[in-house]
1. Considering only protein heavy atoms, what is the solvent-accessible area of C:L107 at a probe of 1.4 Å, reported in Å² to the nearest 10?
2. Nearest the rotation axis from C to A, which residue of chain C has its beta carbon, and at what whole-angstrom distance?
3. What percent does the relative contact order of the range A:6-51 come to when contacts are Cα pairs within less than 8 Å and at least six residues apart?
4. Could you check the spin-label model distance between C:T20 and D:D309? Points 7 Å from the Cα along Cα→Cβ, value in nm.
5. About the Cα centre of the range A:1-66, what is the dipole size in debye to 20, counting +1 per Lys and Arg Cβ and -1 per Asp and Glu Cβ, all else neutral?
6. Would you work out the relative contact order for the range A:174-220, in percent, from Cα pairs under 8 angstrom that are 6 or more residues apart?
7. For C:K55, which inter-copy label distances result when the label point lies 7 Å beyond Cα on the Cα-to-Cβ vector, reported in nm to one decimal and in ascending order?
8. For an R0 of 60 angstrom, estimate the FRET efficiency from the Cβ-Cβ distance between A:I52 and C:A216 and round to the nearest 0.05.
Number of protein chains: 4
Amino acid sequence: MKAVMIHAARDLRIADVAATAPGPGQVRVRIGAGGICGSDLHYYQHGGFGVIRLKEPMVLGHEVAGTVEALGEGVSHVAVGARVAVSPSLPCGVCRFCQRGLQQHCLDMRFYGSAMRFPHVHGAFREAVVCEAVQVHEVTGDVSLGEAAMAEPLAVCLHAARRAGPLLGARVLVTGSGPIGVLAAIAARRAGAAEIVVTDIANQPLAYARSAGADAALNTAAHPEVLDPYKADKGQFDVCLEASGNGHALRAALDVVRPGGVIVTLGLGGEVSLPLNTVVAKEIELRGTFRFHEEFGLAVRMISRKLVDVKPLISHTMAVDDALVAFELAGDRSQAMKVQLSF
Amino acid sequence: MKAVMIHAARDLRIADVAATAPGPGQVRVRIGAGGICGSDLHYYQHGGFGVIRLKEPMVLGHEVAGTVEALGEGVSHVAVGARVAVSPSLPCGVCRFCQRGLQQHCLDMRFYGSAMRFPHVHGAFREAVVCEAVQVHEVTGDVSLGEAAMAEPLAVCLHAARRAGPLLGARVLVTGSGPIGVLAAIAARRAGAAEIVVTDIANQPLAYARSAGADAALNTAAHPEVLDPYKADKGQFDVCLEASGNGHALRAALDVVRPGGVIVTLGLGGEVSLPLNTVVAKEIELRGTFRFHEEFGLAVRMISRKLVDVKPLISHTMAVDDALVAFELAGDRSQAMKVQLSF
Amino acid sequence: MKAVMIHAARDLRIADVAATAPGPGQVRVRIGAGGICGSDLHYYQHGGFGVIRLKEPMVLGHEVAGTVEALGEGVSHVAVGARVAVSPSLPCGVCRFCQRGLQQHCLDMRFYGSAMRFPHVHGAFREAVVCEAVQVHEVTGDVSLGEAAMAEPLAVCLHAARRAGPLLGARVLVTGSGPIGVLAAIAARRAGAAEIVVTDIANQPLAYARSAGADAALNTAAHPEVLDPYKADKGQFDVCLEASGNGHALRAALDVVRPGGVIVTLGLGGEVSLPLNTVVAKEIELRGTFRFHEEFGLAVRMISRKLVDVKPLISHTMAVDDALVAFELAGDRSQAMKVQLSF
Amino acid sequence: MKAVMIHAARDLRIADVAATAPGPGQVRVRIGAGGICGSDLHYYQHGGFGVIRLKEPMVLGHEVAGTVEALGEGVSHVAVGARVAVSPSLPCGVCRFCQRGLQQHCLDMRFYGSAMRFPHVHGAFREAVVCEAVQVHEVTGDVSLGEAAMAEPLAVCLHAARRAGPLLGARVLVTGSGPIGVLAAIAARRAGAAEIVVTDIANQPLAYARSAGADAALNTAAHPEVLDPYKADKGQFDVCLEASGNGHALRAALDVVRPGGVIVTLGLGGEVSLPLNTVVAKEIELRGTFRFHEEFGLAVRMISRKLVDVKPLISHTMAVDDALVAFELAGDRSQAMKVQLSF
């Protein structure tokens, strides 16, 4: 069966991989839709990121949804034919972090389409995937598999919103208007943010932020002073969700977040230089956020019950055979928001 | 009456300033002891720090204790003759931060011996100071005025310990073993830390950390690998109290604090370059901490009731007439921990 | 001008009170709409509640909105003609609770239409009210004064939702489907609750809960076992918002809230007998919630920006001259949800 | 080998039970000391408590320490001969509570000397016990096995202190001066409480509270008004640790805890009638606390490192053959604080 496999930077191939039957406690899911994520793009464009490098060909993909095709022994929480989203994350359950409810920091994590371990853990851009029962979450209600495949990036953003602390009534700045930034804005609104301002350095992504309900979507490249009014009285935002991975955005946030405010960093930027005295004098809290755990199931429920609307973010859907074109498109912010493959 | 006045970098003089009577709601305190703080040293060595520069001569000093000499109309919570510590901090009480219990971020703060405002707010290194009644906290029990004058830096550290969240049972790293670092270790122990490791790049300060009860006091310059065992399993410390203001210390902390752990930065370092991806992937929380509010009264009570012992940190006490020598000494970490002036 | 004045239980009169001009820092507001609250009803039906009793005639009413009619000296944040909601709450700003951001516990609180102080603080069921500038919050957008007058009970519920802690993704039980219960459900949904179940002992109020978006609205009198499935595995709800003031509802909640879950009690019930061993063994947190402070302005913004929809709850609007009929109606749960007076 | 077995209320016998060898992953510990707990007493005096009743003879005891006698296959974290405290708690590790770090609410918990399950889980009042490796915590430093056996009730109180939230600088009331009350006071002091007041209705227990460092130890039976000064300004205590299980103590606490304060209930009292309106109007938080999880290891470390001193609480140590006398003594508050058996 077909799979989208990365061999090296710029060397993406449609491979033929063997189909397997689900073992006890497993489920085979026929994949319907799979979204291309920033980390997929990193493997495609650079062959990895930071110290994590491809050492062997790897199937990409970790934002997928499909239909249950076969059940292994002992699986009963879903039925054959059910529409499901598949979590790419499989923590060990027994390490000290798993036992503290911090499964995203599992010491023995398996995560789809990641070269952190060797052999690498293959991803889910393939016609069918066999996974553990706990990875499979049923999608209910009148939503498409494409929407269901948005559960993974939404889970990232729901987790980030939780990391921010209570948001009911908060004034929130989101820096970076890519898929994660806009989903973070959607999560913040769902969590009760009273005012949401999204920034980016390009206009096209900001249009998506506006359509997703941002109160303002501002181009900080075209209008460098556009955030100045928010500097008043030591800063006006209670929370910043930093989704650009860009050091300039983070620095700018320090000036407009109020004393005692929180900056949650979602972006895996590298070295960033910060004016630490501002962090100190304003008692700002800078909190990293990484992946998710129980938020995956929550994301599926929220999409299923239409408590959030992720559909407007799916800018393109392309057949798996056009994966190469799709990856190129996904890297072009002037055109694409979320590009999904259909299988 | 005598006062210790800074005119410019390296230009410290014993000045003669007028004595005044306390107005309504005020108290006149005859100063007995005053500790030289890092910011006093900054004015002496550099004429300010960052964008804050001396624009006129200013009396230094904000760590003081003394004896009540006279009461203005309407003051009754202390009596003439009472021994008191004087808080250097006078927030406005009405701005949006004061009304939220964040008085340390007051939009109209007056703080002793600070050039942030112009005219500058004079400090308390003088034979007597007239202050507002709320600044005056009675010292009880068998403690010296020198110990009482430690209330201010202790308050900074109690506030920092609170910023860290609950410490009962925590494994705590303190980076930087100056007066603030050692007081932070004392505060962390008082708050229930189960294990405290202090680091510095010099041996003399580390000896003070040991005498203050640190479980280990490690020289990271002499033994760069000394923290390596704490990197195991993604990091072993729950909390780091960063009191060195040094970027290297902060970077090192990122590797030994566990996922989900907290780094509280007390030091007013300037630009610091950080590997943001570590903050993200380990979901570390980096929290600034700034001054204190209600912790000043708490510090006085804790010193008075001997719930903490700050005496071992007072390395030198010198007469006010020797202020110049005292300031030079205070800047020499190979000799001095806390240098106090006596009046 | 006309005012709705309570003299004793069942003795409500339309009185003629003098109109006054706003002093410095004050605003005169022509009242447009005023909602009858449970405490208004208590004064009408019982002459007070608990130890709080009427000792002199008092104007009722604390859920009001209107139009700015005149400004006292120095007021500039609203203009004459602006549509505003008026907060009934005026904390002193200087007591130890006000200075900690706990203004709802002010030691010298003035609250409209409350007999807690003597002389009583008159309420705002009158043709015009002169209030302090800080009490006045401008209403923007296309909402009616009736909707704006819902800001006060909504503020109570936003505060209660905050007391519950983060609700993003929570399973929430609301016991009691009166105006406060339904507004609590609305606040919980706005704060991100994933599932909301509302209970009551009457069907009519439950219909309002359903129209406000509850996932289920259950009659526990008609079907005493209806909550049994939620007892599974020590309890299924993360949070209960108890808005009935009824001991039976609270006891029932203890069985369906999960270990470590939170019960926020909004209802001013009197003596309640609880199985304390359940609270202990399940480590349940029972949290009182009382009034609001900054949530009033937040409620006005949320209504103005249509982040919540309170309109369906306004079941009846009656002229002030029919106040007596309106009060009788407000006490009849089979007919009324929120009854408002128009002026 | 000898074991202390309860057959029914007032029917306690020294039984002879078989010794077994440790299996893989297990440890055999020769018991040295075992403390008699309130729940042991309940089984002895009443044959159970609440709905939990003895259905078969059961070995009592869950506060024990001893010496490692034999290791099963694969156990390496302790050596034969090591002195250890044994946790009575063995959560399943896989249920939804274990995976959230709430192991004390495990859906399949095994706890020593508890009749909650059937067959009952036998306790550790026996000459030797075979337990899982994770239950065994090494005791270091110069402390007795009697002190080490205090780890279990100390763990309960460390957990309770954590449930209270940060205690650094807090004013704390402890109601009930039995072993749990006094250990709660010790835990609160270790966590940074600035002032601790303990109450009881008998003088003898209060003497222990005083010796453990309480600032005041007050007899509320002899002097019913003794807490009145703490009612000032809506209440003076930030936190109450309720360790009496008595409804009167809890009611009294409501009047002296400040608005927004916390009452942690440790005592498994049954039905208690509360003035809910006080809970609401003062926004008090009533939090149950139950057992412990990671606090057991913490308790062992704190005792080992002498960060707490539990020795003064051990009022009597008696040979296992005198168990019956020891149980009678343990029930006599005029004589005993903690009674331990030696094996």
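The values are calculated or read from the model by the stated rules, or taken from the named source; none is laboratory data. Model, not experiment: these values are computed from the prediction. In this analysis, Cβ positions are derived from the backbone assuming ideal geometry, glycine residues included, and neighbour counts consider all displayed protein chains. For accessibility, only protein heavy atoms count, side chains too; no ligands or nucleic acids. Shrake-Rupley method; radii C 1.70, N 1.55, O 1.52, S 1.80 Å.
1. 70 Å²
2. Residue with the nearest Cβ, plus whole-Å distance, for chain C: C:P166, 2.
3. On the way: 26 pairs, mean separation 26.9, N = 46.
Relative contact order comes out at 59 percent.
4. The modelled label-to-label distance comes out at 6.3 nm.
5. Working: 7 positive and 5 negative charges, 16 e Å.
The dipole of the range A:1-66 has a size of about 80 debye.
6. On the way: 74 pairs, mean separation 18.6, N = 47.
Relative contact order, the range A:174-220: 40 percent.
7. For C:K55, the inter-copy label distances come out at 5.4, 6.1, 8.1 nm.
8. Numbers: r = 46 Å, r/R0 = 0.77.
After rounding to 0.05, the efficiency reads 0.85.
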